[in-house]
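**Q** One structure, as structure tokens, below. Some questions next.
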Amino acid sequence: MSHFLFGPFRPTLEALRPMLYRIAYAWCHDPALADDLVQEALSKAWARRAQLREDAALKGWVVSIMNHCWVDHLRRRREFEDIEEWEDELESAGDSPEACCDRERVVACIRSAVAQLPPAQRQVVTLVDLEEFGYAEVAGILNIPVGTVMSRLSRARANLKKRLDAAQTAAGPSLWRVK
């Protein structure tokens, strides 16, 4: 009975949840809001599943729906505030404390730099560099021309480079442990 009601579409849609959460979190930097955006996007995708023309386009179609949910959220707020960063727990049993500390510092620095990007640049850099969508796919998802995707990505990468270079200079020389 459940196969008749849900068919093969539901498991395929649910499998996209982790990828959607990564994108949503990169856009908003708030775990609860990211979860809400993913849930809203999946719910809308499920309700509109008959509109999907090609199964191969599912991933881009659902991310496009989530982009509309994100834009709607921003419109409701009428402003954008960066949410305070929270630290990742990246420790594993095989890593030394120094390696964990260095990795956490690098991750925090990159997340901070990405969080400081304007929302439009943050969306493009997240979709292209983190989720590996093509320029044409991103243009379709965000409903903008491919040239705009390329220019936003170029500006985002330049901003990230400038911010990361400044952070590295401010950090000073690295210390080496000598035995």
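**Q** Counting only other residues whose beta carbon sits under 14 Å from that of T12, what net charge do I get with K and R as +1, D and E as -1?
**A** Details: positive: R10, R17, R49, K59; negative: E14, E54, D55.
Result for the neighbourhood of T12: +1.
**Q** Still on this structure, I have one more. From the protein chains alone at 1.4 Å, what is the descending order of accessible area for W70, W46, largest first? It would help to have the intermediate numbers written out before the result.
**A** Details: W70 5, W46 65 Å².
Solvent-accessible surface, decreasing: W46, W70.
**Q** On to the next question. At 0.36 nm per residue, minus the direct Cα-Cα distance, what do H68 and I144 gain on full extension? Give it in nm, one decimal, please.
**A** Numbers: separation 76, 0.36 × 76 = 27.36 nm, distance 1.26 nm.
Fully extending the segment from H68 to I144 adds 26.1 nm.
**Q** Could you derive backbone 3J(HN,Hα) for region 16-32 from the dihedral phi with the Karplus parameters 6.51, -1.76 and 1.60 (θ = phi - 60°), listing whole Hz in sequence and x where the residue is Gly or Pro?
**A** So the Karplus estimates, Gly and Pro as x, are 7, 3, x, 5, 4, 5, 4, 5, 4, 5, 5, 6, 10, 6, 9, x, 5 Hz.
**Q** With label points built 7 Å along Cα→Cβ from the Cα atoms of R76 and R10, find their separation and express it in nm.
**A** 2.6
**Q** Express in Å², to the nearest 10, the accessible area of H68 obtained by rolling a 1.4 Å probe over the protein heavy atoms while all chains stay in place.
**A** In the full protein context, H68 sits at about 100 Å².
**Q** Okay, moving on. Report the calculated FRET efficiency for R157 and R105 (r = Cβ-Cβ distance, R0 = 22 Å), to the nearest 0.05.
**A** Numbers: r = 21 Å, r/R0 = 0.97.
After rounding, the FRET efficiency stands at 0.55.
**Q** Okay, moving on. Provide K161, K59 ordered by accessible surface of protein heavy atoms (probe 1.4 Å), highest first.
**A** On the way: K161 125, K59 85 Å².
Descending order: K161, K59.
**Q** With every protein chain left in place and a probe of 1.4 Å, what is the accessible surface of T169, to the nearest 10 Å²?
**A** About 110 Å², rounded to the nearest 10.
**Q** Heavy atoms only, probe 1.4 angstrom, no DNA, RNA or ligands counted: give me C69, C101 ranked by accessible area, highest first.
**A** Details: C69 0, C101 70 Å².
Sorted by accessible area, descending: C101, C69.
The values are calculated or read from the model by the stated rules, or taken from the named source; none is laboratory data. Computed from a predicted model, the values in this text were never measured in an experiment. Cβ coordinates were reconstructed from backbone atoms using ideal geometry, including for glycine residues, and neighbour counts include every protein chain displayed. For accessibility, only protein heavy atoms count, side chains too; no ligands or nucleic acids. Shrake-Rupley method; radii C 1.70, N 1.55, O 1.52, S 1.80 Å.
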